[in-house]
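Some notes on the structure that comes next.
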Amino acid sequence: MISLRQRIVWASLVGSAALASSGAFAQAPAAPGTSSSTPPAAVAQAEGSAPKAQHRRMDPAQRMERMQEHRAKRLAALKEKLKLNAAQEGAWTTFTAASQPPAGARPQRMDRAEFAKLTTPERLERMQARQAERSARFAKRAEATKAFYAALTPEQQKTFDAETVHAGMHGHRHGHGGHGGEHRAAPAKS
């Protein structure tokens with residue numbers, strides 16, 4: 001989930017980019033032979049926010065298709081790096097099938113107005129049921145991964161470990177310190 005602080009930062013970045021591109025802060029064109037007064041970092045930052053905004057507006061079906069394509073490419077690259085033999089193909093098939101997102105992708109979220117009508121115990125029961133579903137899917141994936149891992153040679157296991165090290169940190173990437181869930185040290189105060 002995106003924190004309030006992150007939302008404020010993104011909103012200010014997008015707002016700044018919108019103001020800059022709308023001409024509210026338009027500058028006279030630079031004279032030939034002189035440089036523009038817009039710092040390159042500001043231009044790069046404004047250009048870098050456009051793909052993320054486009055990603056958010058993408059149709060959910062298109063986003064799911066794009067995610068599936070990306071996942072297929074990652075799995076194909078992993079399989080190539082592992083150099084599986086014929087005896088390991090069955091374990092690979094079981095592993096990839098178990099790690100496949102559930103049909104229909106994400107379960108449909110309850111409407112906020114409908115959720116607000118529930119009593120607190122009813123809300124808690126709904127949340128607990130969804131958590132149990134997620135836990136069951138995770139357990140299935142974990143067992144298939146362990147079975148596949150056991151079918152690998154020690155060298156293949158090292159490759160698998162190196163290639164999947166960030167997969168477990170996927171949920172923490174956005175909310176806690178950047179890519180891979182790594183926490184960055186705070187800048188030293190002078």
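The values are calculated or read from the model by the stated rules, or taken from the named source; none is laboratory data. Since this is a predicted model, take the numbers as computed values, not measurements. To get the accessible areas, we keep the full protein, side chains included, count just its heavy atoms, and leave off ligands, DNA and RNA. Shrake-Rupley method; radii C 1.70, N 1.55, O 1.52, S 1.80 Å.
Data table
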read-out	value
3J(HN,Hα) from dihedral phi, the range 109-115, Karplus parametrisation 6.51/-1.76/1.60, rounded to Hz, x for glycine, proline	6, 6, 4, 4, 5, 5, 5
Computed accessible area, Arg7, all protein chains, 1.4 angstrom probe, square angstrom	140
